[in-house]
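Taking it in order: structure first as structure tokens, then the write-up.
The values are calculated or read from the model by the stated rules, or taken from the named source; none is laboratory data. Because the structure is a prediction, the values reported are computed rather than measured. All Cβ positions, glycine included, derive from the backbone under ideal geometry; neighbour counts span all protein chains shown. Just so you know, the surface numbers come from the protein's heavy atoms only, side chains and all, with ligands and any DNA or RNA stripped out. Shrake-Rupley method; radii C 1.70, N 1.55, O 1.52, S 1.80 Å.
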Amino acid sequence: MVSRILFCILLVTWPGLVPSEIFTSIGEMAELRLAERELVTSLEQLIAQEKERLTKIQRWVDSIQESKSSTTNLDAEAFVGHPAQAFLLIHRLGHAWPNMASLLAHNYTHEFLSSLSANREIFPSDEDRLGAAKALIRLQDTYRLPPPSLAAGEIPGGLWMSQLSLDDSFALTRVAYVEGDWYHTETWAAQALRQLQAGETGSVTEVDILDHLSYAVYRRGDIHRAHSLTMQLLKLDPQNVRAQNNLVHFMAALGYATKGHAEGRTWPTTGIRSEIPRSRRSGRRKHFRTSYEQLCRGEGANLTERRRAKLVCRYVGGSPSSHPLLVIAPFREEMEWDSPRIVRYHDVISEAEASRVMKLAKPRLNRATVHDPLTGELTVAQYRVSKSAWLREEHDWIVKKLNRRIETITGLNVDTAEELQVANYGLAGQYEPHFDFGSDNEPDAFEELGTGNRIATFLFYMSDVTAGGYTVFTDLHAVVKPLKGSAVFWYNLFPNGKGDYRTRHAGCPVLMGSKWVSNKWLHERGQEFRRRCDLSPFAE
């Protein structure tokens with residue numbers, strides 16, 4: 001608890017001194033845990049030293065009290081008339097008390113402050129705190145996690161090592177409130193109220209909670225309940241000006257006569273029309289989002305028995321026409337989807353190779369960006385929460401080795417491909433539904449590369465994910481689960497060069513664990529004789 005309070009103090013004390021967006025990479029967040037451990041160790045040392053110092057002071061006081069008790073009835077002259085007492089008095093005042101002053105003045109906090117100073121550069125910023133709160137809310141929605149379960153630390157895939165306090169629940173309320181997210185303001189304010197009524201203590205009061213809850217309920221269209229909650233608030237704090245003003249507004253909306261209500265009279269409320277805020281999303285968008293979240297939970301996959309029968313496993317490279325390396329050591333290929341063809345290759349990257357790639361990437365990680373279809377520029381987007389790094393062959397031999405492996409397996413030319421992108425997903429890290437290729441409204445998406453559109457994607461899974469983090473194809477209703485050491489491959493374009501819009505896919509929010517992937521985007525140029533053009537619109 002001490003470390004937690006200290007950590008919050010530091011976040012308030014040193015705003016803006018830390019790199020932002022730590023929450024977008026679990027790999028970087030791991031450093032925070034190590035830093036906090038060092039701080040707790042330093043604080044424990046400080047407490048031990050202070051205890052020892054106070055013990056010495058107490059012994060000194062006890063020794064004086066012991067001497068004083070035997071001479072209580074003597075006056076000052078009689079006391080100093082005894083040569084031993086006079087000697088001890090002079091010795092104490094001339095030597096021991098100055099030493100005691102030094103002991104009292106000694107400050108053991110400088111070692112701890114040095115430890116703080118060494119670590120404060122990696123502490124999260126206000127942006128990180130906001131991002132972390134939004135991430136928790138995103139997990140709540142995607143995986144249908146009720147606030148009581150989240151607050152209790154119960155999530156699929158494991159049990160949190162700590163629970164959310166009353167103040168933590170109210171902090172989430174405040175984040176949603178500031179963002180104008182009234183649904184989550186209501187759910188987390190209600191959770192904070194439950195914790196308060198259960199006897200949990202914190203810095204937040206029932207008035208604070210009811211203030212946020214009543215307004216959120218009002219903004220969601222339930223004016224009757226907003227009125228009731230405001231009346232409850234005013235019983236606790238009759239002088240609350242904000243609540244008084246809100247009450248007048250609510251009463252007018254409900255059709256109460258203000259004067260009559262003040263006199264205790266009851267007025268009819270039937271036929272009152274509540275103004276319900278319009279949804280931010282269109283019906284189509286809402287349905288699309290619901291479908292995406294279902295797939296992330298492993299629900300709604302369109303894997304019929306007929307389709308399942310087409311999904312086969314085989315060894316790649318058994319024929320004489322195959323690449324010589326595949327004849328010697330074929331890869332295990334598993335078909336994940338039949339049309340469009342999505343295949344997984346098992347044991348395609350070893351643990352040692354993946355570790356080397358991750359080690360190379362960590363110092364190069366930056367917030368992942370996306371192409372803005374309006375400007376054509378790379379930009380940060382809330383729908384892509386991860387950090388990525390780009391690795392070239394000159395960085396390390398492992399990159400060249402993986403490039404050759406991709407070329408061997410796919411039969412495509414990697415010379416015109418983009419650099420190997422390594423991504424680490426952060427707290428609730430995700431990449432919402434998108435296309436890898438430049439769509440019709442982005443005709444110049446990769447013009448600067450001069451290598452044409454992205455013809456195919458080769459995606460390595462370099463870590464297992466405890467829960468969540470699926471790759472889902474939203475138009476196909478297909479789910480591909482992360483499997484360490486495997487890779488997934490699909491074509492983004494038809495043989496006629498047109499984009500295959502069925503390949504819209506997403507990286508679902510990581511619920512538990514750390515997700516590391518690396519991918520290679522292969523382009524059209526150089527594939528003319530490797531994947532021949534077919535003008536038929538039905539060819540795959």
Just wondering, is there one or more residues in the range 355-373 that are open to solvent by 50 Å² or more (accessible area, probe 1.4 Å), polar (S, T, N, Q) and at pLDDT 90 or above?
yes
If residue 462 passes every condition in (1) within 25 Å of residue 338 (Cβ to Cβ); (2) crowded, with 22+ Cβ neighbours inside 10 Å but one, which one does it miss?
(1)
Might you let me know whether the range 416-432 holds any residue that is touching a strand residue (DSSP E or B) at 6+ places or on another chain (Cβ under 9 Å), within 26 Å of residue 290 (Cα to Cα), surrounded by fewer than 19 Cβ atoms within 10 Å (Cβ to Cβ) and not small (Gly, Ala, Ser)?
yes
Does the range 232-247 hold any residues that are assigned to a helix (DSSP H, G or I) and either aliphatic (A, V, I, L, M) or open to solvent by 50 Å² or more (accessible area, probe 1.4 Å) (or both), and which are they?
232, 233, 234, 235, 236, 241, 242, 243, 244, 245, 247
Restricting attention to the range 465-494, which residues are open to solvent by 20 Å² or more (accessible area, probe 1.4 Å), of a type in the set (A, V, I, L, M) and closer than 15 Å to residue 429 by Cβ?
465
Has the range 324-345 got any residue that is within 22 Å of residue 500 (Cβ to Cβ), of a type in the set (A, V, I, L, M) and open to solvent by less than 30 Å² (accessible area, probe 1.4 Å)?
yes
Among 437, 460, the single one that is within 30 Å of residue 513 (Cβ to Cβ), assigned to a loop (DSSP other than H, G, I, E, B) and under 30 Å from the mean Cα position of the chain (by Cα) is 437
For the range 180-231, enumerate the residues that are more than 24 Å from residue 153 (Cβ to Cβ) and open to solvent by 70 Å² or more (accessible area, probe 1.4 Å).
219, 220, 224, 225
Give 442, 448 a once-over and let me know the one that is assigned to a loop (DSSP other than H, G, I, E, B), at pLDDT 85 or above and open to solvent by 30 Å² or more (accessible area, probe 1.4 Å).
448
Report yes if residue 463 is farther than 20 Å from residue 288 by Cβ and of a type in the set (Gly, Ala, Ser), otherwise no.
yes
Quick one: which of 502, 531 is of a type in the set (Lys, Arg), open to solvent by less than 60 Å² (accessible area, probe 1.4 Å) and outside any strand (DSSP E or B)?
531
I need every pair where a residue in the range 30-45 that is part of a helix (DSSP H, G or I) has its Cβ under 7 Å from the Cβ of a residue that is hydroxyl-bearing (Ser, Thr, Tyr), sequence separation at least 6 or different chains.
36/3; 38/115; 39/3; 39/115; 40/3; 42/115; 43/3
Filter the range 463-478 down to the residues that are within 22 Å of the chain's Cα centre (by Cα) and not in a loop (DSSP other than H, G, I, E, B), then identify the one that is farthest from residue 519 (Cα to Cα).
467
For residue 539, indicate whether it is small (Gly, Ala, Ser), touching a residue at least 40 places away in the same chain (Cβ under 8 Å), surrounded by fewer than 22 Cβ atoms within 10 Å (Cβ to Cβ) and closer than 27 Å to residue 141 by Cβ.
no
Cβ contacts < 9 Å: first residue open to solvent by less than 100 Å² (accessible area, probe 1.4 Å), restricted to the range 49-63; second residue among the aromatic types (Phe, Trp, Tyr), any location; separation 6+ or different chain. Result?
49/108; 50/108; 53/108
Which residues, taken from the range 491-534, are touching a residue at least 60 places away in the same chain (Cβ under 8 Å) and out of contact with any strand residue (DSSP E or B) (no Cβ under 8 Å at 6 or more places or on another chain)?
501, 525, 526, 530
Just wondering, is there one or more residues in the range 152-161 that are of a type in the set (Val, Ile, Thr) and open to solvent by 50 Å² or more (accessible area, probe 1.4 Å)?
no
